[in-house]
Amino acid sequence: MKLYFAPMEGFTDAVFRRVHRRMFPGVEKYFMPFISPSASLSFTKREMYDLSPEANAGVPAVPQILAKDPEHFLGAARMLRDLGYTEINLNLGCPSGTVTAKGKGAGALRDPDALARFLDAVFAACPLPLSVKSRIGMDDEGEWPQLMRLVIRYPFSEWILHPRTGREQYRFSPRPLCFDQARRAAPFPVIWNGDLFTARDAWDFLGDHPGAEGLMLGRGMVTNPALAREILGGEGINLPELIAFHDALLREYLRVWPASAAVGRMHAVMGYLGFALDHPPKRMRVLRQTTDLEGYTDAAAALFRESRVLSPPRFVPPA
Ligand SMILES: Cc1cc2nc3c(=O)[nH]c(=O)nc-3n(C[C@H](O)[C@H](O)[C@H](O)COP(=O)(O)O)c2cc1C
């Protein structure tokens, strides 16, 4: 059974993946936050760093492409092949309004004919094995049967399914029934993604879906970086480990980014790690107000001193 780290823009960048890989076993692949290529294939310095072989050394990272123009997609795919990647992923799931309005991400699911033309052109020339990460439709669950029939026509290497519609974003519950239907119909592995926040969640899910080929974990694993290890029967996370992870992340960000950017990123990461801790709320408030490195480091140390790890650590979605 495969466990994958979900792509999370703003969190699971090259630094995060490297530190996580070094400290926590159990993740078979790290899917990278999407790149959105244009005709010129111009990427920011940060995007190029994130894709570079040096920044991903030793990490089984899979790049993800968000595109609706097959030429843009294929240009990026060839560039990724030249960088040494052996697999790529197509994003048909991003629900963000700015993305879907352009007919990309989950927005591409609105027009199955256009999507089929895109996939015909992509598969005619794709230089690497291609997997797909999708929702079950954009606006309505009624789109699902046609979408499923369309996806299984193509030779994807695997299908990561987040069984909500794009419109639902992260509201309501993902639909196990769609996952079961996809597994029965698809000639390639179908991987579940959505709302597995603890090892118990994963075990219960696997109990209900015997033989499931894999799970992709996102918010739950940013909250509890030892989640994959725990699902596979290893130890749960402890406080010294969580602190070591936090400190290693901060150190590595400071090596590649200015201090203000590193502190900004650590604030975001602490937004998730905080769910793993029973901590005085006042300490988190103080930490959030820090802007400089010294203030942040002191606030984090004070917070960790007065915290204990929850059992189990669990991400709590906004109500
Ligand atoms: C902050 C954030 C950024 C995300 N960025 C991406 C992305 O770049 N590509 C993608 O396919 N999904 C992205 N996702 C979706 C996740 O990969 C995943 O599908 C979602 O969080 C549901 O899984 P979970 O319930 O295990 O968190 C993002 C989600 C969040 C919360």
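Shown here for segment 169-246: trypsin sites (Lys or Arg not before Pro) in loop regions (DSSP other than H, G, I, E, B) with at most 15 other Cβ atoms within 10 Å, namely ARG171. The longest stretch of the chain left intact once loop-based chymotrypsin sites (Phe, Trp or Tyr not before Pro) with at most 15 other Cβ atoms within 10 Å are removed from consideration, loops following DSSP, is 1-169. Size of segment 239-309: Rg and Dmax of its alpha carbons, in Å, are 11.1, 31. Our summary gives segment 199-262 a relative contact order of 23 percent, counting only alpha carbon pairs under 8 angstrom and 6 or more residues apart.
Summing Cβ point charges (Lys, Arg +1; Asp, Glu -1) relative to the Cα centre of segment 239-309 gives a dipole of roughly 180 debye. Listed from fewest to most Cβ neighbours within 10 Å, the set SER260, SER131, SER157 follows the order SER260, SER157, SER131.
Straightening the chain between TYR154 and ALA268 buys 37.3 nm, computed as 0.36 nm per residue apart minus the Cα-Cα spacing. Picking from MET138, MET148, THR100, whose Cα lies most toward the positive end of the charge dipole for segment 2-231 (charges on Cβ: Lys, Arg +1; Asp, Glu -1)? Selected residue: THR100. Using the Cβ-Cβ distance between SER260 and GLU141 with R0 set to 35 Å, the FRET efficiency from 1/(1 + (r/R0)^6) comes to roughly 0.20. Counting 0.36 nm for each residue step from LEU128 to ARG314 and taking away their Cα separation leaves a gain of 63.3 nm.
With contacts taken as Cα pairs under 8 Å and at least 6 residues apart, the chain reaches a relative contact order of 15 percent. Annotation for segment 190-257 versus segment 66-111: alpha-carbon center distance of 26 Å. Footprinting exposure proxy ranking of THR165, THR291, fewest other C-beta atoms within 10 angstrom first, gives THR291, THR165. Between LEU83 and ALA116, the C-beta separation translates, for a Förster distance of 35 Å, into a calculated FRET efficiency of about 0.75. Taking Cβ atoms as reference points and 13 Å as the exclusive limit, the residues near ARG314 contribute a net charge of -2, counting Lys and Arg as +1 and Asp and Glu as -1. Taking other residues whose beta carbon is less than 13 angstrom from the beta carbon of PHE275, and scoring Lys, Arg as +1 and Asp, Glu as -1, yields +1. Please name which of SER36, PHE24, PRO60 has its Cα lying farthest along the dipole of segment 1-130 towards the positive end, using unit charges on Cβ (Lys, Arg +1; Asp, Glu -1) and the Cα centre as origin. Projecting each Cα onto the dipole axis, the largest value belongs to PHE24.
Here is the size of the chain from its Cα atoms: Rg then Dmax, 19.7, 58 Å. Distance check, please: which entries in LYS104/LYS133; LYS45/LYS68; LYS29/LYS68; LYS68/LYS102 exceed 18 angstrom between their Cα atoms? Where the Cα-Cα span goes over 18 Å, the pairs concerned are LYS45/LYS68; LYS29/LYS68.
The residues packed around GLY207, meaning those with a beta-carbon under 13 Å from its beta-carbon, carry a net charge of -2 if Lys and Arg are +1 and Asp and Glu are -1. Picking from GLY207, GLY264, GLY218, which is most flexible by a Gaussian network model of the chain using Cα springs under 10 Å? Per the Cα network of the chain with a 10 Å cutoff, GLY207 tops the list.
Taking the Cα centre of the chain as reference, the dipole from Cβ charges on Lys and Arg (+1) and Asp and Glu (-1) amounts to some 240 debye.
Any read-out appearing in this document is the output of simple, stated calculations on the displayed coordinates, not a laboratory observation. Since the structure is predicted, the reported quantities are computational estimates derived from the model, not experimental observations. Virtual Cβ from ideal backbone geometry, glycine too; neighbours counted across all protein chains shown.
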